[in-house]
Amino acid sequence: LRIDGLVVDLPTPDGGAEDAIRIVDGVSFDVLAGTTVGLIGESGSGKTMTALAVIGLLPDGATTGGELLWRGEDLLRSGPDRRRRVRGHEISMIFQDPLAALNPSLTIGRQVGEILRRDGRPRAEVRRAVVDLLDRAGVPEPARRMDSYPHQFSGGLRQRAMIALALAGSPSLLLADEPTTALDVTVQARILRLLRSIQQEQGLAMLLVSHDLRVVAHVADQVVVMYAGRVAERGPAGAALRRPAHPYTRALVASVPAVRTRTALADPLPGTPATPANRPFACAFHPRCPLARDRCRVEVPAVREVAPGRWSACHFAEEVLDR
Ligand code: SF4
């Protein structure tokens, strides 16, 4: 997947399209086969809207710009039938809250098998495939459990069922939006390990959306850090989190004790997050940035390569890297 200059505008709550809010503002990055990209940022950073644009489930009234190149085809210019076909079969999504995403009145097996039935596969074959999918997603006794309803599953099992459902169409790209946020810590770790092993075994590309740096540090090969609808930094996960090239990434890392390497104490992020609706002029991070100076208040920093494979939208990225 190549995302190139993606723009998403949403109408204001009073419906005025002329003063739409730019939720995603010129975002670019790639997700290569067999790799996981962690998309991180505080709430309001535009990360979920970026994922929803990829899967084609943006809210009503949203308008888009730029390109979403899926194996060279621009999905933003594909018709609704083609997008429906891509969704589930080529790209699928795991949502944060499986209870909201699953239909409460249908058995787990029926929902996981839906896409296979639509493809016209015989009943017995669908049943076998569902048992296999649930088994791969770590649901115990899948042949019995497939006849349960979502409310009969624990939170962790429901998320495993969602993973089985997402894999049912044999996608090549998996989008996971805060897949473990609703789960307790021990279950989170198991689900993350599962996602990672499925991704590696099947050579899938995965875009993992999370506000939790620890989750991303565990799983991602590459990271894209978003702030107020724009990319702040992108690069290899290990390097970017160990030695950030943007003051925002540096502040994010410092706010998480387990990721921070130099001291045991966490520093809370200073100031209030900017949102796309109240994005400060020029560098959106300048009101919170300890390095801000005059240039930052008048000139939007371009995303540029500041070291091999390292991209940053900071006028003074080299200084940040050298610190
Ligand atoms: Fe801070 Fe300026 Fe860099 Fe923005 S451009 S992150 S304000 S130093």
Which of (1) surrounded by 15 or more Cβ atoms within 10 Å (Cβ to Cβ); (2) within 19 Å of Leu174 (Cβ to Cβ); (3) without any contact (Cβ under 8 Å) to a residue 60 or more places away in the chain is the odd one out, the single condition Gln96 does not satisfy? (3)
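Here is a check on your reading of the model: is Ala176 more than 20 Å from Leu134 (Cβ to Cβ) and touching a residue at least 60 places away in the same chain (Cβ under 8 Å)?
No; evaluated as a whole, the condition is false for this residue.
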Counting only residues that are acidic (Asp, Glu), within 10 Å of the ligand (Cβ to nearest atom) and part of a loop (DSSP other than H, G, I, E, B), how many does the range 264-323 have? 1
Within the range 227-247, can one find any residue that is out of contact with any strand residue (DSSP E or B) (no Cβ under 7 Å at 6 or more places or on another chain), hydrophobic (A, V, I, L, M, F, W, C), in contact (Cβ under 8 Å) with a residue 60 or more places away in the chain and on the phi < 0 side of the Ramachandran plot? no
Failed criterion for Arg262 (all others in (1) under 15 Å from the mean Cα position of the chain (by Cα); (2) under 19 Å from Glu319 (Cα atoms); (3) at pLDDT below 90 hold): (1)
Hey, does the range 10-33 have a residue that's surrounded by fewer than 20 Cβ atoms within 10 Å (Cβ to Cβ), in contact with a helix residue (DSSP H, G or I) (Cβ under 8 Å, 6 or more places away or on another chain), assigned to a loop (DSSP other than H, G, I, E, B) and in contact (Cβ under 8 Å) with a residue 40 or more places away in the chain? no
Unmet requirement for Gly309, which otherwise passes all of (1) in contact with a Gly (Cβ under 8 Å, 6 or more places away or on another chain); (2) surrounded by 13 or more Cβ atoms within 10 Å (Cβ to Cβ): (2)
Can you tell me how many residues in the range 95-148 are within 26 Å of the chain's Cα centre (by Cα), at pLDDT 95 or above and acidic (Asp, Glu)? 0
Residue check: is Ala220 touching a strand residue (DSSP E or B) at 6+ places or on another chain (Cβ under 9 Å), at pLDDT below 90 and more than 11 Å from the ligand (Cβ to nearest atom)? no
For His246, state whether it is within 15 Å of the ligand (Cβ to nearest atom) and within 17 Å of Val27 (Cβ to Cβ). yes
Within the range 121-145, track down each residue that is in contact (Cβ under 8 Å) with a residue 24 or more places away in the chain and either in contact with a Lys or Arg (Cβ under 8 Å, 6 or more places away or on another chain) or within 24 Å of Leu175 (Cα to Cα) (or both). Ala129, Val130, Leu133, Leu134, Arg136, Ala137, Gly138, Val139
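The values are calculated or read from the model by the stated rules, or taken from the named source; none is laboratory data. Note that this is a predicted model, so its numbers are computed, not measured. Note that each Cβ is placed from the backbone with ideal geometry, even for glycine, and that neighbours are counted across all protein chains shown.
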